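Down below is the structure, laid out as structure tokens.
Just so it is clear, none of the values below were taken in a lab; they were calculated from the coordinates. Everything numeric in this text was worked out from a predicted model, so none of it was measured. Methodologically, a virtual Cβ is constructed for each residue, glycine included, from the backbone with ideal geometry; neighbour enumeration extends over all protein chains shown.
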Amino acid sequence: MLDKRRHRRFKLDLIEFDGKLGLTDRVEIVDMSFGGVALKVDRRLNIGREYLFKLEDKGKSIDVQSIVVRCKLSSIEERFTGEKISIYTAGMRFKEGAVQKVADFIHDSILAA
């Protein structure tokens, strides 16, 4: 199958980035490119809505305006309290102008590793 992505995706095996979104308790970065990020989150994100995504690494962080391009229910998990929560897989595209900012952040993180 032909990969139509504009930017190559990075698996985060070698780099430990953290991500944060408002109103979510859990954000797990699945993979990332200079143009966007794939996440697992504990809340449904509205497709087409803009969110401020915070990317963190070793005490440094950047805020990136992002737009949700897909979001679907992927599993139900049970917390240690016994409460069941929905886990969603989402794809977010970084807004124009963020590509260089994200590329610089990733580059600096790789050099510091």
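Within the option set 102, 68, being of a type outside the set (Ser, Thr, Tyr), touching a Phe, Trp or Tyr at 6+ places or on another chain (Cβ under 7 Å) and in a strand (DSSP E or B) holds for one residue only, 68.
Return the total of residues in the range 54-112 being exposed (fewer than 10 other Cβ atoms within 10 Å of the Cβ) and on the phi < 0 side of the Ramachandran plot. If you could, list the steps in order and put the result at the bottom.
Step one: list which residues in the range 54-112 are exposed (fewer than 10 other Cβ atoms within 10 Å of the Cβ), which gives 59, 76, 78, 80-84, 96-97, 100, 111.
So of that shortlist, the ones also on the phi < 0 side of the Ramachandran plot come out as 76, 78, 80-81, 83-84, 96, 100, 111.
Of the residues in the range 54-112, 9 are exposed (fewer than 10 other Cβ atoms within 10 Å of the Cβ) and on the phi < 0 side of the Ramachandran plot.
Those residues that are among the charged types (D, E, K, R), over 17 Å from residue 88 (Cα atoms) and not in a strand (DSSP E or B), I need them from the range 49-65; list them, please. 58, the sole residue that qualifies.
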